[in-house]
């Protein structure tokens, strides 16, 4: 399993090096080969994800849903990266600009995963619940969507520096992509928070504890809610929304990693 993960990471890195080399030397064929390698890496990534899922189910006394590889920093970041990679592949035919920022984002998240503990660990009794898959699974999807929105925001600012017209077709497309990713992410993130509250009530007879993870999840949700409000009511577009999308993923990363490493609470085991 670890060999397959390493191969996947190496393929991602080589594909990115080849893609930007092709871009620097205006070599379109090399860029196409690089993207094809990225697709192969993603297929290997999917194989690793489901292989790990089966290995956990086979080795531990878990239900198939509780065996999903979405627990802990390694599995969460690995699943996070997979979500971004799939979006890059699906979106590229209509939005070729996504490759230049989406591919590096995928590799960076996989590189981070490689620094975490890759061993398979059993779930604590508190996590052995039907709510686990809903709560953690929707969280992975939401975080990946917010990452895609930030990737689009970075690309928007890059093109703005090159004096691209904000009313141009590509710029409008990037802006809409970021917005739609945030809407999609908010739907899933709302389910994450609600399912977590229901799980807490089921496990501890209380919906909310003001735990650091809960508090920062709420702060993150409110931030994106403000973004959507400003977008719809104030008709915000372009640069301001791109900046907010990037700031938002910073909040996501702190909620996900910073809280676990810096603040002790009920979610410290996650």
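Each reported figure results from applying straightforward, stated rules to the coordinates on display, with no laboratory input. These numbers were taken from a predicted model, which means no experiment stands behind them. Virtual Cβ from ideal backbone geometry, glycine too; neighbours counted across all protein chains shown.
Placing a label point 7 Å from the Cα of residue 128 along the Cα-to-Cβ direction, the residues of region 67-81 with a backbone N closer than 13 Å are 67. List residues of region 95-132, by number, whose backbone nitrogen lies under 14 Å from a label position 7 Å along Cα→C-beta of residue 257. Counting backbone N atoms under 14 Å from the label point, the list is 105-117. Distance between the modelled labels on residue 61 and residue 40, one decimal in nanometres: 4.4 nm (7 Å Cα→Cβ projection).
Model label points for residue 198 and residue 121, set 7 angstrom from Cα along the Cα-to-Cβ axis, are 2.7 nm apart. Taking a ≥ b ≥ c as the square roots of the Cα gyration tensor eigenvalues, with a/c under 1.5 meaning rounded and otherwise prolate when a/b beats b/c, else oblate, which class fits region 114-186? Note, shape of region 114-186 comes out oblate.
For the chain, the pair-distance distribution built from all alpha carbon pairs, in bins 10 Å wide starting at 0, is 7, 28, 34, 22, 8, 1, 0 percent. When you count the other C-beta atoms within 10 angstrom of each residue and take the mean per peptide, 78-89, 109-120 line up highest first as 78-89, 109-120.
Tell me whether region 124-262 comes out rounded, prolate or oblate; compute the Cα gyration tensor, take square roots of the eigenvalues as a ≥ b ≥ c, and use a/c under 1.5 as the rounded threshold.
Because a/c hits 1.5 or more and a/b exceeds b/c, region 124-262 counts as prolate.
Build a GNM of the chain with springs between Cα atoms under 10 Å apart, and of 221, 236, 53 the one that fluctuates most is 236.
Reported to the nearest whole Å, the Cα centre-to-centre distance from region 136-202 to region 203-261 is 11. Working from label points 7 Å from Cα in the Cα-to-Cβ sense, the residue 243 to residue 225 distance is 2.4 nm.
Given the -39500 (n - 2.57) contribution per DSSP H run of 4+ residues, what per-residue ellipticity at 222 nm results for the chain, rounded to the nearest 500 deg cm²/dmol? Let's see the in-between values first.
On the way: 9 runs with 199 residues, N = 270.
When only DSSP H runs of four or more count, the value is -25500 deg cm²/dmol.
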